[in-house]
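The values are calculated or read from the model by the stated rules, or taken from the named source; none is laboratory data. This one's a predicted model, so the numbers in the text were calculated from it and none came from an experiment. Every residue, glycine among them, receives a Cβ derived from its backbone with ideal geometry; neighbour counts consider all protein chains shown. Note: accessible area is taken over every heavy atom of the protein model, side chains too, but ligands, DNA and RNA are not part of it. Shrake-Rupley method; radii C 1.70, N 1.55, O 1.52, S 1.80 Å.
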Amino acid sequence: MKNNLSNTKSDNIKKIDWKSVQNEMKMKFGTDIYDSWLKKIDLVDELNNYVLISVSTRFIRDWITSRYLDQILKIIKSFKKDISRIEFIISDNNNAKNIEVIEDKTLVNNEKVSFIKDSYLQYNRIDPNKNFENFLLGKSNKLAFEAAKKVSEQIAYYNPFYVYGGVGMGKTHLLNAIGLSLKDKNKVMFLSAERFMYQFVKSIKSNDMVKFKEYFRNTDIFLIDDIQFMNGKEAMQEEFFHTFNVLLEKGSQVIVSADRPPNKLTRIQERIKSRFSGGLVVDIQNSDYDLRYKIVKSKNDDLKMHDPNNIKINEEVIKFISTEVNASIRELVGAFNRIVSFSRIYGKTPSMSEVKVILKDLLCLTENKVDIDNIQTIVCKYFKISKNEMLSPRRSRYLVRPRQTAIYLSKMLTSKSLPEIGRYFANRDHTTVIHSVKTIEKLKKVDNELNLSIDSLKNKILYKQENEI
Ligand code: ADP
Ligand code: MG
């Protein structure tokens with residue numbers, strides 16, 4: 001059914017055949033994974049360079065995002081190469097209702113545009129879960145937050161209001177919060193620059209420019225997200241510029257977000273940039289540890305309150321991800337969600353080394369130089385022997401096992417040949433190396449303590465230890 005929706009679009013760009021994408025996913029991931037996670041994904045819409053898909057819960061969205069999204073994107077790209085990202089809609093009943101309610105309200109306030117309901121308002125999505133109350137504050141975002149609050153309390157005080165910052169810093173959250181707080185009393189329009197361009201092109205094709213103009217100029221609060229993607233032709237920039245001016249002149253509030261300051265925008269007319277700079281420009285900077293910790297903590301508190309199964313995430317883990325996952329708040333939230341998903345699926349609290357595995361792609365833990373010298377140092381320290389002792393010919397029991405362990409780990413963790421490894425161990429013969437590797441392999445099968453030691457050693461050898469808790 002959803003497929004039909006996208007097929008009815010009037011433009012003539014080749015459409016993605018969702019059935020084929022599904023088949024590919026089934027082949028790639030196997031039927032188990034496909035049936036558990038991917039089968040129910042629906043293609044809702046397809047835009048110039050992204051697709052909108054729906055899943056039934058946040059949990060599934062997060063799970064898919066963390067495990068399969070890159071590969072799904074690859075599959076979709078193989079059908080249409082221009083697609084560069086995937087966006088989700090949560091279609092579970094509660095959320096769907098929330099979204100509809102908001103749209104309906106806009107509609108009631110805005111009778112003139114009811115006839116274009118389907119094409120426009122569908123994308124005027126305000127998420128009730130991204131509000132001012134749950135936007136946590138730190139040094140990096142306090143200014144932007146305060147300005148946003150001011151904007152929502154006193155319309156057109158700062159006009160336009162331009163907020164910028166890197167990916168996943170909270171810009172959309174903040175814009176959404178402004179929209180949410182004003183939508184009851186005002187006509188609010190919240191859309192991405194991409195969506196604006198898409199509608200523009202569509203309106204030209206279907207000779208609907210009058211409606212387009214009327215629609216966008218007839219709003220009190222105009223929030224436009226990710227303006228850096230605005231890269232249309234002159235005619236569109238012209239239209240945007242005029243819309244923008246009309247809105248400012250009639251005292252409507254214009255709010256713009258971007259990943260860079262106005263003067264760094266490319267492909268946007270100078271006069272538009274200069275109007276952006278004419279209002280209030282604030283940035284959201286990289287978060288610091290305190291803010292990240294606050295965010296993870298609050299997610300964890302929510303979880304404690306709402307999760308009937310009472311999953312526990314250790315304080316160490318919370319501190320660890322707040323330290324390590326520092327590229328963006330989006331990644332941080334994603335990391336936390338992954339850990340929660342893991343706990344739900346396996347019914348346990350993940351340990352530090354499990355967390356490292358779950359978040360491997362987000363962490364920069366593999367920085368350690370793995371060489372034999374290092375391995376020897378770490379193994380010696382672990383077994384409390386000196387390097388001289390390890391390399392000596394002595395065969396006391398308390399030296400033999402650490403030596404064999406170090407040889408074994410050298411074989412496992414480096415690409416050195418047996419004779420080369422022998423050379424690092426005071427010129428031992430390669431047969432000694434083989435013997436050591438075999439001995440440890442045999443012992444590992446029966447000696448649980450040794451297994452634990454080896455795991456722990458591997459962890460120390462492969463990952464930076466500063467943050468080991
Ligand atoms: P951007 O638009 O800058 O790329 P988003 O607004 O989409 O980033 O934020 C990414 C994620 O991080 C969202 O889930 C958002 O709710 C969350 N987030 C960002 N900043 C904060 C904050 N200060 N407090 C709570 N959550 C935040
Ligand atoms: Mg955003």
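Of all residue pairs spaced 6 or more apart or on separate chains, those with beta-carbon atoms under 9 Å, a first member in segment 428-440 that is within 13 Å of Arg401 (Cβ to Cβ) and a second member that is among the aromatic types (Phe, Trp, Tyr) are Ser436/Tyr408; Ser436/Phe425; Thr439/Tyr408; Ile440/Tyr408. Among the residues making up segment 334-353, those that are in contact with a helix residue (DSSP H, G or I) (Cβ under 7 Å, 6 or more places away or on another chain) and in a helix (DSSP H, G or I) are Gly334, Ala335, Phe336, Asn337, Arg338, Ile339, Val340, Ser341, Phe342, Met352, Ser353. Of all residues in segment 282-294, none are small (Gly, Ala, Ser), outside any loop (DSSP other than H, G, I, E, B), crowded, with 19+ Cβ neighbours inside 10 Å and within 16 Å of ligand 1 (Cβ to nearest atom).
Looking across segment 161-193, not a single residue is of a type in the set (D, E, K, R), surrounded by fewer than 21 Cβ atoms within 10 Å (Cβ to Cβ) and within 15 Å of ligand 2 (Cβ to nearest atom).
Selection within segment 148-160: residues that are out of contact with any Gly (no Cβ under 6 Å at 6 or more places or on another chain) and open to solvent by less than 10 Å² (accessible area, probe 1.4 Å). The member of this set that is nearest to ligand 2 (Cβ to nearest atom) is Ala148. Apart from one condition, Cys380 fits all of (1) modelled with pLDDT of 95 or more; (2) assigned to a loop (DSSP other than H, G, I, E, B); (3) not β-branched (Val, Ile, Thr); the exception is (2). Scanning segment 194-216 for residues that are more than 16 Å from ligand 2 (Cβ to nearest atom) and either open to solvent by less than 10 Å² (accessible area, probe 1.4 Å) or part of a loop (DSSP other than H, G, I, E, B) (or both) yields Gln199, Ser203, Ser206, Asn207, Asp208, Phe212, Tyr215, Phe216. The condition of being away from ligand 2 (no atom under 16 Å from the Cβ) and surrounded by fewer than 19 Cβ atoms within 10 Å (Cβ to Cβ) holds for Arg267.
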